[in-house]
Amino acid sequence: MTQSSGLLERLPDRKGLDRIWSVLPDARLVGGSVRDLLAGVSVHDLDLATPEPPEDVQRRLEGAGIGVIPTGLSHGTVTAVLDGVPYEITTLRRDEETDGRHAVVVWTQDWTEDAARRDFTINAMSLDRHDRLHDYFGGQEDLKNRQVRFVGDASRRITEDALRALRFFRFDARYGNGNPDRAACEAVSEQLGLIGTLSAERVASELLRILSGPRLAETIAAMAAIGLLQVILPNPDPADLNRLLNCGVPANPLLRLFALCHESSRALPGRLKLSNADASRIDVWASDRPALSPGMSDDDLRRLRADQDLDPLVERSWLQQARLVGGPDRIWDGFRSRLQALPQPQFPLSGKDALAHGILPGPGMGQWLKKGREWWMAQGCLPDRAQCLAYLAGYP
């Protein structure tokens with residue numbers, strides 16, 4: 001179906017797009033940019049497709065003085081850069097063969113063929129320079145009805161790329177109506193064996209996007225109901241995640257992941273190939289030290305802040321609230337407010353002070369500083385440099 005849309009009028013600035021169209025008049029906006037224009041939400045990336053082969057696209061753009069980055073020539077993609085804004089332009093393609101992870105593609109000039117290889121009907125629409133919407137699979141109606149459906153046969157789409165099983169639930173959470181498409185769920189359930197062919201990094205990236213999105217509790221429940229959640233995570237417990245969500249915790253996908261797999265959280269970094277920084281954060285949450293209590297004194301809070309940065313302390317407080325309360329709680333809110341109001345204390349002595357005190361580098365210096373810091377901590381991290389030096393005047 002092709003129709004005049006009025007969608008281009010919703011773009012705040014289309015000068016760069018018009019310049020590309022002056023060079024590639026047959027190119028169209030595709031995918032998420034068209035979907036989000038229709039949905040009336042902010043469009044962050046303007047991706048285009050075109051019938052011309054990538055080498056021809058690059059030659060035409062460079063001939064018009066437009067900067068070009070050959071970001072993926074083997075996949076038919078170049079990126080035009082205008083006034084610092086990137087526009088990804090991909091040649092129309094059709095799949096020759098797939099293995100559930102990668103596809104061998106060939107170029108085509110058939111827009112329907114290109115649309116047929118996309119994942120969901122709401123992502124298979126295109127918009128030309130005349131503001132005409134091209135919709136081959138009913139994506140506009142599905143978007144209006146808040147229904148996420150695979151293009152064509154759902155099972156085949158998943159065998160082409162198993163990551164689409166997870167992508168379905170991410171898109172359904174954002175654009176669906178709360179009743180996931182039955183054919184899609186059945187296809188995901190039938191193809192669970194393909195999930196193991198995916199790299200851990202791809203699974204983790206998609207899962208964290210799900211965990212940062214809307215309608216998380218029902219999305220996780222739907223994934224668990226067909227067995228998908230259990231395939232990708234070690235011993236997930238949606239009830240623990242729901243307790244955290246009920247507390248009103250700010251969106252933090254890694255924290256939500258930890259709550260979802262609290263009992264087996266130490267297995268997450270290896271299972272999902274998480275970064276060292278993420279693995280360290282999980283280790284801090286799992287160790288749960290030093291202990292937190294909303295009744296702590298200001299001295300106790302300063303000691304906490306001296307030993308640990310603010311962010312992990314706040315995150316641990318949400319986890320503790322979820323375990324003990326499982327819902328909103330003004331006492332824990334007050335605890336976080338007090339914690340955030342305190343600057344991080346810094347022990348005022350260093351090795352230079354030890355040298356000035358006549359202590360040479362080595363174990364003795366470490367013991368001197370350790371003794372001073374222990375006293376400083378016992379005093380609620382309040383003594384200044386002079387007070388710490390006075391305490392240590394007779395040591396060793």
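The values are calculated or read from the model by the stated rules, or taken from the named source; none is laboratory data. Predicted, not measured: the structure shown is a model, and the values here were computed from it. When we count neighbours, we look across all protein chains shown, and the Cβ atoms used for this are built from the backbone with ideal geometry, even at glycine.
Listed values, structure above:
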quantity	calculated
Some residue of region 45-57 being loosely packed, with under 14 Cβ neighbours inside 10 Å, of a type in the set (Gly, Ala, Ser) and assigned by TED's automatic domain parsing to the domain that holds Leu133	no
Of the criteria (1) at pLDDT below 95; (2) farther than 30 Å from Leu260 by Cα, which one Asp307 fails	(2)
Where Leu194 falls short, out of the listed (1) over 19 Å from Thr90 (Cα atoms); (2) hydrophobic (A, V, I, L, M, F, W, C); (3) out of contact with any helix residue (DSSP H, G or I) (no Cβ under 8 Å at 6 or more places or on another chain)	(3)
Where a residue in region 153-172 is farther than 17 Å from Ala116 by Cα and assigned by TED's automatic domain parsing to the domain that holds Ala183 and its partner, wherever it lies, is in a helix (DSSP H, G or I) and at pLDDT below 95, with Cβ under 9 Å and at least six apart	none
Strands (runs of 3 or more DSSP E) enclosed by region 1-78 - at least 1 residues per element that are modelled with pLDDT of 95 or more and closer than 21 Å to Val151 by Cβ	28-30, 48-50
Whichever residue in region 24-42 is hydrophobic (A, V, I, L, M, F, W, C) and buried (at least 18 other Cβ atoms within 10 Å of the Cβ) and, among such residues, is farthest from the chain's Cα centre (by Cα)	Leu24
Residue check for Asp299: modelled with pLDDT of 95 or more, under 43 Å from the mean Cα position of the chain (by Cα), in a helix (DSSP H, G or I) and over 21 Å from Asn246 (Cα atoms)	yes
Filter result for Gly372 (touching an Asp or Glu at 6+ places or on another chain (Cβ under 7 Å), at pLDDT 95 or above and surrounded by 16 or more Cβ atoms within 10 Å (Cβ to Cβ))	no
Matching entry among Arg243, Arg202 (being over 19 Å from the mean Cα position of the chain (by Cα) and surrounded by 15 or more Cβ atoms within 10 Å (Cβ to Cβ))	Arg243
Pairs, first in contact (Cβ under 8 Å) with a residue 24 or more places away in the chain in region 194-209, second among the small types (Gly, Ala, Ser) and outside any helix (DSSP H, G or I), C-beta under 7 Å, six or more apart	Leu194/Gly100; Leu194/Ala162; Ile195/Ala162; Thr197/Gly100; Thr197/Ala162; Leu198/Ala162
Within region 109-211, helices (runs of 4 or more DSSP H) holding 2 or more residues that are closer than 27 Å to Leu233 by Cα	154-160, 164-175, 182-190, 200-211
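To keep it simple, each residue is scored yes or no on (1) crowded, with 19+ Cβ neighbours inside 10 Å; (2) within 17 Å of Pro236 (Cα to Cα); (3) in contact with a His (Cβ under 7 Å, 6 or more places away or on another chain).
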{"site": "Phe258", "(1), (2), (3)": "yes, yes, no"}
{"site": "Ser265", "(1), (2), (3)": "no, yes, no"}
{"site": "Gly270", "(1), (2), (3)": "no, yes, no"}
{"site": "Ser293", "(1), (2), (3)": "no, no, no"}
{"site": "Asp298", "(1), (2), (3)": "no, no, no"}
{"site": "Glu315", "(1), (2), (3)": "yes, no, no"}
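Matching residues to (1) farther than 19 Å from Pro253 by Cβ; (2) without any contact (Cβ under 8 Å) to a residue 40 or more places away in the chain:
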residue: Ser280; (1), (2): no, yes
residue: Arg289; (1), (2): yes, yes
residue: Pro294; (1), (2): yes, no
residue: Ala306; (1), (2): yes, no
residue: Asp311; (1), (2): no, yes
residue: Gln321; (1), (2): no, no
residue: Asp329; (1), (2): yes, no
